[in-house]
Amino acid sequence: MSNKVGIFNILTNVSFGNGAISKLTEIIKENEFQNVLVITDKGISSAGIIDIVVPSIREANITIYDGTLPNPTISNCEEAYKLYKENNVDVVVGIGGGSPLDVAKAVALLATNGGSIDDYEGIGKFKNDLLPLIAIPTTAGTASEVTNFTVITDEERQYKLTVGGSRLAARWAIIDPELTYGLPPHITAATGLDALVHAIESYTSKEANDITKTLAREATRKIGKYLRQAVYDGDNIIAREEMMMGSLLAGLAFNNTRLGNCHAMSHPISAVYAVPHGVANAILIPYVMKFNSYAAPDLYRHIGEDLGGNIEGLTVTEQAINAANIVRQLSIDIGLPTDLQSFNVTEEKIDLLTRDAMLSGNILVNPRKTSAEDIKNLYRKAIRGEY
């Protein structure tokens, strides 16, 4: 145990387990909500998940917004907010991956604070508590259901803005692994690797403490053991449950520590080139881990151990670098790309990408002090695939 004082916050009431979706009816009835705004995306609608969820609250008046994009935009927030105003909504229900949940947070914020979501860029820039918000994830990935942040793309600036603050947490999170059973392999892979990156960057964050480290290491063990199974055998109930728990634990950890260089770099890639967030993280994380290994070899050595790596005969630094190799191999095993060229990312916009990455607060808690030139070099390696 360290001498550092650990601070841990969670403001969300979490229901976890197969069949947990039944809690939605309970919450709606107990709080006498009458007008429900469901925020989701067309993928969730076409997958039939809405058909599972909505009947459980059929006694309420339900409005559905399913226009959320994979990288949600200010326009998405404005469209959904308009439906809120038109329908006298008293509770927002976000259903889906991180994108619908982020839009749901934004709308719940705007409902009580007004304005546009970009008015609140930064941490703690709004005054009033959210409209009641229920978050229901359908992927084992972002953990947005238990975090105090929302990330929205400003298309005009080609920039992902972050809004955060303790008041931004959902009041309830309903985490039901059964909702992930029909998830396609490529989405299972990308979101699962995103959850692993959350665990890795939380564990190695300068803000980590004994509580968050314990959560992050257990998340790493679960994801390392079960992600391949969830991708290649989507009906594996145990794998789906363990991945959902791994994602939750990682989310609880990084909500208290922030993340690191990988997330700082992935947001600009998604904003400028529309690379899916989880895929961008999967490509970047091995490069970032190798870069950081020299500054925090013991931390990365632990990650390698938790992922089942063979460390016999290796020095501490070699063990740390081996952890990056293990994560890269995991990405390859589940069919994710290993370089940014796969998404037509070029070096032409490295200055823009670097500028936006350096604006992220995640750079400040990264375990190795990082300059703009360092970020440029990491981008170059990831674009060229020079691992």
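The values are calculated or read from the model by the stated rules, or taken from the named source; none is laboratory data. Source: prediction; values computed, not measured. Neighbour counts are summed over all protein chains in view; Cβ atoms, including those assigned to glycine, are modelled from backbone coordinates with ideal geometry.
Among the residues of region 112-155, those that are farther than 29 Å from Ala216 by Cα, touching a residue at least 24 places away in the same chain (Cβ under 8 Å) and among the acidic types (Asp, Glu) comprise Asp118, Asp154, Glu155. Taking region 273-387 and the helices (runs of 4 or more DSSP H) fully enclosed by it, the elements with 1 or more residues that are charged (D, E, K, R) are at 277-293, 297-306, 316-333, 350-358, 372-384.
Could you say whether any residue in region 259-267 is modelled with pLDDT of 95 or more and in contact with a strand residue (DSSP E or B) (Cβ under 7 Å, 6 or more places away or on another chain)? Within region 259-267, not a single residue is modelled with pLDDT of 95 or more and in contact with a strand residue (DSSP E or B) (Cβ under 7 Å, 6 or more places away or on another chain).
Given Leu252, Leu259, Leu227, which one is in contact (Cβ under 8 Å) with a residue 40 or more places away in the chain and either over 24 Å from Ser360 (Cβ atoms) or not assigned by TED's automatic domain parsing to the domain that holds Ile375 (or both)?
On the way: Leu252 fails: either over 24 Å from Ser360 (Cβ atoms) or not assigned by TED's automatic domain parsing to the domain that holds Ile375 (or both); Leu259 fails: either over 24 Å from Ser360 (Cβ atoms) or not assigned by TED's automatic domain parsing to the domain that holds Ile375 (or both).
So the residue among Leu252, Leu259, Leu227 that is in contact (Cβ under 8 Å) with a residue 40 or more places away in the chain and either over 24 Å from Ser360 (Cβ atoms) or not assigned by TED's automatic domain parsing to the domain that holds Ile375 (or both) is Leu227.
Checking each residue in region 300-354 for being of a type in the set (Gly, Ala, Ser) and within 23 Å of Leu196 (Cα to Cα) picks out Gly304, Gly308, Gly309, Ala320, Ala323, Ala324, Ser331, Gly335, Ser342. Reported count of residues in region 191-222, each being assigned to a helix (DSSP H, G or I) and in contact (Cβ under 8 Å) with a residue 60 or more places away in the chain, is 17.
Screening Gly43, Gly19 for residues that are out of contact with any Pro (no Cβ under 7 Å at 6 or more places or on another chain) and at positive phi leaves exactly one candidate, Gly19. In this structure, Arg228 qualifies as over 16 Å from the mean Cα position of the chain (by Cα) and in a helix (DSSP H, G or I). Among residues that are over 11 Å from the mean Cα position of the chain (by Cα), in a helix (DSSP H, G or I), buried (at least 24 other Cβ atoms within 10 Å of the Cβ) and at pLDDT 95 or above, Met245 is not included. If the condition is being part of a helix (DSSP H, G or I) and exposed (fewer than 14 other Cβ atoms within 10 Å of the Cβ), then region 15-36 contributes Ser22, Glu26, Lys29, Glu30. Applying the criterion of being modelled with pLDDT under 95 and either touching a Cys at 6+ places or on another chain (Cβ under 8 Å) or among the acidic types (Asp, Glu) (or both) to the residues of region 56-85, the residue that is farthest from Gly115 (Cα to Cα) is Glu59. Applying a threshold of 6 Å to beta carbon distances and a minimum spacing of six or more residues, or different chains, the list of pairs starting in region 352-378 at a residue that is within 13 Å of Ser266 (Cα to Cα) and ending at one that is charged (D, E, K, R) and part of a helix (DSSP H, G or I) reads Thr354/Lys376. Restricted to region 292-315, and to residues there that are farther than 19 Å from Ala216 by Cβ and not β-branched (Val, Ile, Thr), the residue that is surrounded by the most Cβ atoms within 10 Å (Cβ to Cβ) is Leu314.
Scanning region 141-150 for residues that are touching an Asp or Glu at 6+ places or on another chain (Cβ under 6 Å) and more than 21 Å from Tyr226 (Cβ to Cβ) turns up just one, Thr150. Checked against (1) under 20 Å from Leu252 (Cβ atoms); (2) surrounded by 24 or more Cβ atoms within 10 Å (Cβ to Cβ), Pro100 meets all criteria but (1). For region 328-374, a residue qualifies if it is within 23 Å of Tyr294 (Cβ to Cβ), among the aliphatic types (A, V, I, L, M) and loosely packed, with under 14 Cβ neighbours inside 10 Å, and exactly one does: Ala372.
Mind checking which residues of region 171-182 are in a loop (DSSP other than H, G, I, E, B) and closer than 13 Å to Pro132 by Cβ?
Residues of region 171-182 in a loop (DSSP other than H, G, I, E, B): 171, 176, 181-182.
Selection gives Arg171 alone.
Please find, within region 202-231, the residue that is surrounded by the fewest Cβ atoms within 10 Å (Cβ to Cβ) out of those that are over 14 Å from Gly246 (Cα atoms) and touching a Gly at 6+ places or on another chain (Cβ under 8 Å). The residue in question is Asp210.
Looking only at residues in region 43-77 that are of a type in the set (D, E, K, R) and outside any helix (DSSP H, G or I), which one is nearest to the chain's Cα centre (by Cα)?
Start the filter on region 43-77 by keeping residues that are of a type in the set (D, E, K, R), which leaves 51, 58-59, 66.
Within this subset, residues satisfying the condition of being outside any helix (DSSP H, G or I) are 58-59, 66.
Numbers: Arg58: 30, Glu59: 32, Asp66: 20 Å.
Across region 43-77, the extreme among qualifying residues is Asp66.
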